Amino acid sequence: MDEIFDYIKKAVLSISNELKFPDTSYNQSQNKTGDTQLKFDVISDEIITNTLSKCPNIKALISEEKDESLILNEEATYIVAYDPLDGSSLMDVNFAIGSIFAIYEKKAQAKCLKAAIYSIYGPRLELVICKDCVNLYRLNKENEFIFVKKLIMQEKGKINATGGTQKNWDEKHAKFIKGLFDDGYRLRYSGAMVSDMHQILCKGGGLFSYPATKNSVNGKLRAFFEVFPFAYITEKAGGKTSNGLNESLLDLEFDNIHATTPCFFGSKYEINALLKAYNER
Ligand code: AFP
């Protein structure tokens, strides 16, 4: 597993270097989830594919930007699913964006997750690696990732990062979110899941949500590339997750690698409040 982490470090370092002078224009193509691809989505995808293809421990790569998985070594154990550039539609405004990686053992399903990683391309290059606990690393002048601290979620936070177009929320969700603001929660939402989750993890709590909406009944965020890795990280940091009905996003199973799901990540207090609000008659 550590060898895979090293290849991921190389890949994110290359993406970070390329991001200093990027081409922010769009391609004519769309990915499987229907997003129009930026040229840099494709470049990041190629960097990760080319770098991770050299790692003998990886059985297959599954990219958010590709329709099918890429088999590398049938004898190997790990499957790496990744979103090469999460939040790429914010490249033009120079917001922090990132790459997300989920490492599955033998089978790409949430219960087979063994590690999750994300990078943040912001003013600094940071990397969060989660196997048994959630460790934050920062790049130094020698191009090495140095351990900074362990990220831990407190019982209750103060941040509310709330996604989806509000006019398409259902009443229950709208009431729950309003209740949090009435309780004193502050809105913090950039539109890049990596940044919004990173803020909640670094500040020690809060809620990130992307609900089912009237025009997107299964939500927007992709299970294998965004939801499962962040659910794994949130729960290892001491937080809780749910799809609005269940006690953990990691209980979900999907056959389609591009499946999406409503998702909620937070401190225990906010997820318990969500379950109460969503299941009230
Ligand atoms: P892009 O990668 O197309 O910018 O989408 C980012 C994202 O998948 C996730 O990172 C955000 O949380 C979410 O979409 C934002 O979606 P809304 O703009 O609908 O809030």
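The values are calculated or read from the model by the stated rules, or taken from the named source; none is laboratory data. Quick caveat, the model's predicted, so the values are computed rather than measured. Here the Cβ is made from the backbone with ideal geometry for all residues, glycine too, and neighbour counts use every protein chain on show. What goes into the accessible areas is simple: the full protein's heavy atoms, side chains included, and nothing from ligands, DNA or RNA. Shrake-Rupley method; radii C 1.70, N 1.55, O 1.52, S 1.80 Å.
Taking every protein chain into account, the accessible area of the chain amounts to 46 square angstrom per residue (probe 1.4 Å). Think of the chain as having a plus end and a minus end, set by charges on the Cβ of Lys, Arg, Asp and Glu; of Tyr137, Val42, Ser88, Tyr137 sits farthest toward the positive end of this dipole. Write out the GluC sites (Glu not before Pro) in the range 50-101 meeting two conditions: DSSP loop, and at most 16 other Cβ atoms within 10 Å of their Cβ. Here the GluC sites (Glu not before Pro) that fit, given the DSSP loop and packing criteria, are Glu68, Glu74, Glu75. Excluding same-chain residues fewer than 8 positions from Lys150, which aspartates and glutamates have a Cα within less than 17 Å of its Cα? Reachable aspartates and glutamates: Glu126, Asp132, Glu235. With contacts taken as Cα pairs under 8 Å and at least 6 residues apart, the range 1-110 reaches a relative contact order of 21 percent.
One decimal place: the segment Asn94-Asn168 gains 23.9 nm when fully extended, by the rule 0.36 nm per residue minus the C-alpha distance.
What shape does the range 130-281 have by the C-alpha gyration tensor, where a ≥ b ≥ c are the square roots of the eigenvalues, rounded means a/c under 1.5, and otherwise prolate means a/b greater than b/c and oblate the rest?
Since a/c reaches 1.5 and a/b is larger than b/c, the shape of the range 130-281 is classed as prolate.
Ordered from longest to shortest, the equivalent ellipsoid semi-axes for the chain are 29, 20, 20 Å, each the square root of 5 times a Cα gyration tensor eigenvalue.
Strictly over 31 Å apart at the Cα level, which of Lys106/Lys214; Lys131/Lys268; Lys10/Lys268; Lys114/Lys214 would you flag in this model? Those over the limit are Lys106/Lys214; Lys10/Lys268; Lys114/Lys214. Modelled label positions at Asn256 and Glu75, each set 7 Å beyond Cα in the direction of Cβ, lie 3.7 nm from each other. Atom-type composition of the exposed protein surface of the chain places 47 percent of the accessible area on carbon and sulfur (1.4 angstrom probe).
With R₀ set to 35 Å, the beta-carbon distance separating Val217 from Met1 gives a calculated FRET efficiency near 0.45. Placing Tyr104, Tyr78 in order of accessible area, with the largest value first and a 1.4 Å probe, yields Tyr78, Tyr104. Below 8 Å, C-alpha to C-alpha, sequence gap of six or more: please give me the relative contact order for the range 210-271 in percent. Across the range 210-271, relative contact order equals 43 percent. Taking a straight line from the alpha carbon of Lys39, these lysines sit under 20 Å away, with near neighbours fewer than eight places off in the same chain left out: Lys20, Lys66.
With a ≥ b ≥ c taken as the square roots of the eigenvalues of the C-alpha gyration tensor of the range 2-150, please select rounded if a/c is under 1.5 and otherwise prolate if a/b is larger than b/c or oblate if it is not? Oblate shape, in that a/c is at least 1.5 and b/c is the bigger or equal ratio. Straight-distance candidates among the aspartates and glutamates for linking to Lys167, with alpha-carbon spacing under 20 Å and chain neighbours fewer than 8 residues away dropped: Asp182.
Spatial offset of the range 44-85 relative to the range 120-161 amounts to 23 Å, using the alpha carbon center of each.
Structure note, pairs Lys203/Lys276; Lys149/Lys236; Lys107/Lys203: Cα-Cα distances above 23 angstrom occur for Lys203/Lys276; Lys107/Lys203. Can you tell which of Thr24, Thr165, Thr213 shows the greatest fluctuation in a Gaussian network model of the chain with Cα springs below 10 Å? It is Thr165.
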